[in-house]
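Read the structure below first, then the notes.
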Amino acid sequence: MKVVVSGTGLYTPSESISNEELVKSFNSYVDSYNEQHKEKISQGEIEPLTHSSEEFIKKASGIENRFVVDKKGILDPNRMMPSIERRSNEDVSLQAEISAIACKEALENSNNSVKDIDAVICACANLQRAYPAVAIEIQSILGIEGYAYDMNVACSSATFAYQNAVNDIISGVAKKVLVVDPEICSAHLNFKDRDGHFIFGDVCTASVLERSEADSESENFEIIGTKLKTVFSNNIRNNFGFLNRSEDSDLFSDDKLFIQQGRRVFREVVPIVSSIIEEHLEEEGLSIDDLKRLWLHQANLGMNTLIAKRLLGREPTKLEMPIVLDKYANTSSAGSIIAFHKYRNDLKEGDIGVICSFGAGYSVGSVIVQKS
Ligand code: COA
């Protein structure tokens with residue numbers, strides 16, 4: 001039996017922040033911190049903070065802009081985090097709300113109605129509550145029968161969920177599965193951290209995976225195979241969790257947000273990703289020359305270019321390796337799905353590409369697809 005991606009959907013928040021706006025707010029926070037602490041700084045008790053720069057951000061990451069659920073709170077130098085209205089238990093939660101928008105688009109693009117779907121997997125790096133599962137809330141507001149569950153493999157959540165969906169469809173427990181990735185990354189980003197305040201943005205992607213039908217009218221991408229790999233690393237870490245209170249740990253300390261050793265991540269993850277893609281192609285009887293497109297995780301332009309160069313033996317063209325992180329920044333597990341959503345219409349029947357995520361864990365997910 002063949003499984004296809006029959007449609008995808010994308011929710012992009014209406015608000016966005018340019019590097020210029022972000023750096024202006026960060027620098028004004030730095031100035032006021034240094035002013036407030038000028039005595040301790042002059043006595044050498046604490047180090048002054050240093051300005052950020054637009055040039056550095058663009059050069060080090062390729063990021064120029066990010067979409068966010070709340071711009072005002074992030075840019076307020078006295079707050080430096082999104083300001084999100086608290087909702088009652090009776091209201092639809094924020095992640096379920098943005099998921100429903102992306103799911104409706106994926107359903108429409110795949111020529112399906114909610115009645116056709118048997119399962120919802122909500123796969124993302126940060127879930128807004130422990131339970132009930134956000135996926136079950138999404139299932140309820142859309143009116144889907146069957147089952148739903150949440151899962152988190154950080155930046156690889158979406159590709160790992162694709163493998164679960166494929167397996168459920170092949171085993172016969174579901175015919176059509178919705179995978180949805182509501183990534184509100186701005187709420188786990190430390191906007192006071194010069195090394196990383198520019199990294200993330202918010203978005204939601206959704207995909208419908210289903211059994212291939214000969215008479216299908218939608219533009220399908222057959223999943224040739226999935227390959228997952230994990231290797232434990234502390235180089236990307238977030239200590240937020242349900243034991244924090246019992247450990248008498250400060251819920252607002254920096255380690256309850258995203259922390260990374262960016263250089264080490266860069267150095268260690270590039271070889272893992274390129275070898276996983278190579279191995280995966282070989283296992284499927286394919287070679288790198290068969291690949292028309294690399295829809296890679298969107299964290300760092302230099303990292304993606306290096307992965308593509310190791311695979312291709314040359315610089316990739318813009319179309320071979322589409323980049324969305326310039327506009328969206330790193331949107332965790334949604335990044336490679338945004339690239340797949342936006343850059344596939346030019347492909348012809350039979351063309352092959354790979355969707356590949358990588359990130360915390362470390363985790364790598366490779367999904368080889370062929371246009372049918
Ligand atoms: N503005 C200006 N300068 C800055 C800065 C900022 N916002 N942040 C850091 N710098 C400076 C540093 O102080 C350092 O200066 P020095 O050389 O004088 O000491 C210099 O820039 C280099 O800093 P470094 O942190 O080594 O930058 P980098 O080139 O490694 O780029 C990342 C940082 C985070 C963009 C990069 O490491 C990266 O993207 N890594 C992979 C991350 C990743 O994929 N993570 C997965 C997340 S899911």
Give just the number: which of (1) open to solvent by less than 80 Å² (accessible area, probe 1.4 Å); (2) in contact with a helix residue (DSSP H, G or I) (Cβ under 7 Å, 6 or more places away or on another chain); (3) touching a residue at least 12 places away in the same chain (Cβ under 8 Å) does S16 not satisfy? (2)
All but one of (1) of a type in the set (D, E, K, R); (2) closer than 27 Å to N167 by Cβ; (3) surrounded by fewer than 16 Cβ atoms within 10 Å (Cβ to Cβ) hold for E137; state the number of the condition that does not hold. (3)
Is at least one residue of segment 97-118 among the hydrophobic types (A, V, I, L, M, F, W, C), touching a residue at least 24 places away in the same chain (Cβ under 8 Å) and over 18 Å from G7 (Cβ atoms)? no
Segment 234-256 - residue that is within 15 Å of the ligand (Cβ to nearest atom) and of a type outside the set (D, E, K, R) and, of those, surrounded by the most Cβ atoms within 10 Å (Cβ to Cβ): I236
Kindly list, by first and then second residue, each pair from a residue in segment 155-182 that is modelled with pLDDT under 95 to a residue that is among the acidic types (D, E) and crowded, with 24+ Cβ neighbours inside 10 Å, limited to pairs with Cβ atoms under 9 Å and residues at least 6 apart or on different chains. none
Residues within segment 31-54 that are open to solvent by less than 100 Å² (accessible area, probe 1.4 Å) and within 13 Å of the ligand (Cβ to nearest atom), tallied: 6
Pairs, please: C-beta under 8 Å, at least 6 apart or cross-chain, first residue at positive phi and in segment 79-92, second open to solvent by less than 90 Å² (accessible area, probe 1.4 Å) and part of a loop (DSSP other than H, G, I, E, B)? M80/F191
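Looking at E283, E278, E315, which one is more than 17 Å from C155 (Cβ to Cβ) and in contact with a Gly (Cβ under 8 Å, 6 or more places away or on another chain)? I'd like the intermediate steps shown before the answer.
Values: E278 fails: in contact with a Gly (Cβ under 8 Å, 6 or more places away or on another chain); E315 fails: in contact with a Gly (Cβ under 8 Å, 6 or more places away or on another chain).
Every option except E283 fails the conditions.
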Can you work out which of the residues in segment 334-354 that are within 16 Å of the ligand (Cβ to nearest atom) and aliphatic (A, V, I, L, M) is farthest from I272 (Cα to Cα)? I338
Name every residue in segment 76-93 that is closer than 19 Å to T331 by Cα and open to solvent by 40 Å² or more (accessible area, probe 1.4 Å), in order of residue number. M81, S83, I84
State which residue is nearest to the ligand (Cβ to nearest atom) when the search covers only segment 168-206 and only residues that are open to solvent by 10 Å² or more (accessible area, probe 1.4 Å) and acidic (D, E). D195
Tell me, please, whether a residue that is closer than 25 Å to S332 by Cβ, within 16 Å of the ligand (Cβ to nearest atom) and not charged (D, E, K, R) can be found in segment 207-229. no
Over 30 Å from E47 (Cβ atoms) and in contact with a Lys or Arg (Cβ under 9 Å, 6 or more places away or on another chain): is that true of D116 in this structure? yes
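The values are calculated or read from the model by the stated rules, or taken from the named source; none is laboratory data. Since the structure is predicted, the reported quantities are computational estimates derived from the model, not experimental observations. Virtual Cβ from ideal backbone geometry, glycine too; neighbours counted across all protein chains shown. Ligands, DNA and RNA are excluded from the accessible area calculation, which covers all protein heavy atoms including side chains. Shrake-Rupley method; radii C 1.70, N 1.55, O 1.52, S 1.80 Å.
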